[in-house]
Amino acid sequence: MKSLDWFVLIITLAAIILYGVYKSRTTRDLDGYFLSNRSMPWYLILLSIMGTQASAITFLAAPGQAYTDGMRFIQYYFGLPLAAIVICISFVPVFSRLKVFTAYEYLEQRFDLKTRTLTSFLFLLQRGLSTGISIYAPSIILSVLLGWNIYLTNLFMGGLLIIYTVTGGARAVAYTQTFQFLIIIGAMFTAGYFIVKDLPPGIGFSDALLVGGKLGKMNVITTGFKDGRFDWGERYNIFSGVIGGFFLLLSYFGTDQSQVGRYLTARNLTESRLGLLMNGIVKVPMQFFILLIGVLVFTFYQFNKAPAFFNELELKRLEQSVYSDSLHHLKQELQSIQQRKEAALALYPGQQETAFQQLRVLQKETDAVRVQIKGLVKNNGGADNDTNYIFLHFVVDYLPAGLVGLIIAIIFLASWGSIAAALNSLASSTVIDFHKRFSAKKYPEEKEYRISKNYTLLWGLFCIAVAMFVSNWGNSLIEVVNVLGSLFYGTILGIFLVAFYCKRIKGNAVFWAALIAELIVVLLFFLNEYKVIALGFLWLNAIGALLVWGISFLLQLRTPLQTARN
Amino acid sequence: MHNRNNIPDEDRAPLLGSWTRWYVLMIVVLLLLIACFYWITKNYS
């Protein structure tokens, strides 16, 4: 990085921390610390919800995802507007009326203490681990690309935001997320502009989409049907997106305290609903745009030489290994393909169809060579997935000085936005659902406020420790954060759906149903991992929720019979 | 505080008059987006 990049990076991060500390002033009680005295307008709720959901991986991995797999990932978000409607009808009014601090408090009123405690525990387990990985995932990418020490990067990534998260609670989280999000969107638009600007003369935005599209990257809508049969193992298609995505996002926005905690800070029910609904409207186009950047980068690399492998560290290790000759040979093949690609592109737009026909053949050759290189990386003991490095590699190589620093800054900011909200929610669940609930002592408000700050700090340290611990595990963990949610969300959602829609089902039935459903979901996950069955992870959310519903219904049917016999 | 339709002011739907209309709007926006994406897929692939 150049001096200007360092300057932009440090100024941006310092500005966020100072702004967070400045906005920290709130009442010194639980209502002020966890719910910002329920004073937020809808537009702050909207930006806070978006800032919580969009982690650094959203901005790093999404363009890489489109580069390798095309635009079809967008379909995962189609369930969001539908989920937002259900949450606004059923979830928000109940949380708002009961004036709860956490979503799980409601479960004790509706069922019993053990169901509340189980659900809150599942949340803490899932969110605590995934927040640790959320610190580690962007850190490993930065450390590889810029040669930074992974442990120091982890410490920077997770440590600095603790300053304002501990000090200011929910209010500081919401205000900094707003500021962060505006910077992130601005930087991503600027990056998109520079990609199009750097294309060869005569090739504009529409041409770039056409080239990417003809090579299979504009597959925005896919049905999942192959040879007349539906492929249940395919991760992203319109059906898994609308149905699986609906259940996952319903669970995430309706029952995950990191999101519930955002709209509980609203000044009234209207502001909560508006924030959620606006998120449902804005999120899909925003994610489309971020993915589109990946297609533009893909087209850019049709006209320019792409790296043989985007993870520089693994490539260097390969060059120094026994596989260096094979790598050299494959690199020469890529060079030859690139020359033929440039010759084919010279035919565009005059002989468009011929150019695309040749390009398709050459892209297949490129993909085959890249598979071989990935095989070498794997044989060499490295991580063979370089998807998350694609966009940043492009940024560092081609974007002007200053903008590189800004893009690195948005990785920190996006991480901070979601991690800060997660820490706040972890602390609120620990204080409200465990410490305060099980403690025999009654503390004064000032003491409760200080206890809450201590728990925020403790969870921050725990998540950094998780990040440090998983630092030796390799890159595959980046994917784990998405799958981890699907393992627990279905069960948690099932408990809430039964609570809202099945008034006859009581605590015992739903508690045991949740435990059985969780075991089945975990079993299905492992059966898929070991290739016994083919099941995309998004389906686990729907299955988990329906299992809780069905099993608790059956258990409740048995209960009155037993009671009668007794 | 209640308005003339006996809905608490803190639960009043802005602009469109009722929350049901907001929910219909959400579904219409989603369908329009899917239609737009379908057109993009057909046109650029």
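The values are calculated or read from the model by the stated rules, or taken from the named source; none is laboratory data. Note that the coordinates shown come from a computational prediction; the quantities given were computed from them, not determined experimentally. We place every Cβ from the backbone using ideal geometry, glycine too, and count neighbours over all the protein chains shown.
Would you check which residues across segment A:210-236 are within 12 Å of another protein chain (Cβ to nearest Cβ) and not aliphatic (A, V, I, L, M) and list them?
Quick first cut of segment A:210-236, residues within 12 Å of another protein chain (Cβ to nearest Cβ) only: A:210-223.
A:212, A:213, A:214, A:216, A:217, A:219, A:222, A:223 - these are the residues of segment A:210-236 that are within 12 Å of another protein chain (Cβ to nearest Cβ) and not aliphatic (A, V, I, L, M).
Here is a yes/no grid of residues against (1) modelled with pLDDT of 90 or more; (2) more than 9 Å from chain A (Cβ to nearest Cβ):
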{"site": "B:8", "(1), (2)": "no, no"}
{"site": "B:25", "(1), (2)": "yes, no"}
{"site": "B:35", "(1), (2)": "yes, yes"}
{"site": "B:41", "(1), (2)": "yes, no"}
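Can you find a residue in segment A:293-316 that is among the small types (Gly, Ala, Ser), buried (at least 20 other Cβ atoms within 10 Å of the Cβ), part of a helix (DSSP H, G or I) and touching a Leu at 6+ places or on another chain (Cβ under 6 Å)? No; the residues of segment A:293-316 include none that is among the small types (Gly, Ala, Ser), buried (at least 20 other Cβ atoms within 10 Å of the Cβ), part of a helix (DSSP H, G or I) and touching a Leu at 6+ places or on another chain (Cβ under 6 Å).
With the structure loaded, tell me whether residue A:246 is of a type outside the set (Val, Ile, Thr), farther than 30 Å from residue A:24 by Cβ and not assigned by TED's automatic domain parsing to the domain that holds residue A:355 or whether it fails that test.
Values: of a type outside the set (Val, Ile, Thr): yes; farther than 30 Å from residue A:24 by Cβ: yes; not assigned by TED's automatic domain parsing to the domain that holds residue A:355: yes.
The answer is yes for residue A:246.
Can residue A:375 be described as within 28 Å of the chain's Cα centre (by Cα) and in a loop (DSSP other than H, G, I, E, B)? Here the answer is no, as residue A:375 does not meet what is asked. For segment A:378-408, the set of residues classified as part of a loop (DSSP other than H, G, I, E, B) and either over 30 Å from residue A:322 (Cβ atoms) or in contact with a strand residue (DSSP E or B) (Cβ under 9 Å, 6 or more places away or on another chain) (or both) consists of A:399, A:400, A:401, A:402, listed by residue number. Considered as a group, the residues in segment A:467-505 that are closer than 22 Å to residue A:424 by Cα and modelled with pLDDT of 85 or more include one that is surrounded by the most Cβ atoms within 10 Å (Cβ to Cβ), and that residue is A:492.
For segment A:216-256, filtered to residues that are modelled with pLDDT of 85 or more and aliphatic (A, V, I, L, M), the residue that is surrounded by the fewest Cβ atoms within 10 Å (Cβ to Cβ) is A:243.
No other residue among A:179, A:123 is modelled with pLDDT of 80 or more and assigned by TED's automatic domain parsing to the domain that holds residue A:248 apart from A:123.
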